[in-house]
Amino acid sequence: MEDNTKFIESLLERAAEYGKTSYELVKLKVIDASSDRVSTFISHAFILIILSSFVLFLNLGLAFWLGELLGQIFYGFLAVAAFYGFITFILHFFMRKMIKRFFYDYIIKQLLN
């Protein structure tokens, strides 16, 4: 009978150790996944800020240059705005589903990895 008691106590101790180890493993996996997501977000945000600055100044330069060619500075800004309006129209009416599917798949892939 004493052997059964020792066996059960040993089994319970092992189960408790297994539970603690499993908890630590899950905690480390969560920390790894969250740090990966946060670092990815920060690096993408930094690149997006730099790219946005580049595109802003490129568009300003293009608008001023086109304005000089067209005779009035505001014509250049209107031409650049018309270009972006056209691109937005094309994306909205012809490529919306494809863009939505791309981001949908990307988000699912990021969540499952």
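Comparison of Ile49, Ile99, Ile90 shows that the only residue that is modelled with pLDDT of 95 or more and either surrounded by 12 or more Cβ atoms within 10 Å (Cβ to Cβ) or part of a helix (DSSP H, G or I) (or both) is Ile49.
Please tell me if Ile8 is among the β-branched types (Val, Ile, Thr) and either under 30 Å from Tyr75 (Cβ atoms) or not in a helix (DSSP H, G or I) (or both). When the stated conditions are applied, Ile8 does not pass them. Of the residues making up the range 104-113, those that are assigned to a helix (DSSP H, G or I), surrounded by fewer than 10 Cβ atoms within 10 Å (Cβ to Cβ) and not aliphatic (A, V, I, L, M) number 1.
Name the residues in the range 41-79 that are under 30 Å from Asn113 (Cα atoms) and either of a type in the set (A, V, I, L, M, F, W, C) or in contact (Cβ under 8 Å) with a residue 24 or more places away in the chain (or both), would you? Of everything in the range 41-79, those that are under 30 Å from Asn113 (Cα atoms) and either of a type in the set (A, V, I, L, M, F, W, C) or in contact (Cβ under 8 Å) with a residue 24 or more places away in the chain (or both) turn out to be Phe41, Ile42, Ala45, Phe46, Ile47, Leu48, Ile49, Ile50, Leu51.
Conditions tested, residue by residue: (1) more than 24 Å from the chain's Cα centre (by Cα); (2) under 30 Å from Thr40 (Cβ atoms); (3) not aliphatic (A, V, I, L, M).
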site	(1), (2), (3)
Asn59	yes, yes, yes
Leu69	yes, no, no
Tyr75	yes, no, yes
Ile87	no, yes, no
Leu91	no, yes, no
Met98	no, yes, no
Asn113	no, yes, yes
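The values are calculated or read from the model by the stated rules, or taken from the named source; none is laboratory data. These numbers come from a predicted model, not from an experiment. So basically every Cβ, Gly included, is an ideal-geometry build from the backbone, and we count neighbours across all protein chains shown.
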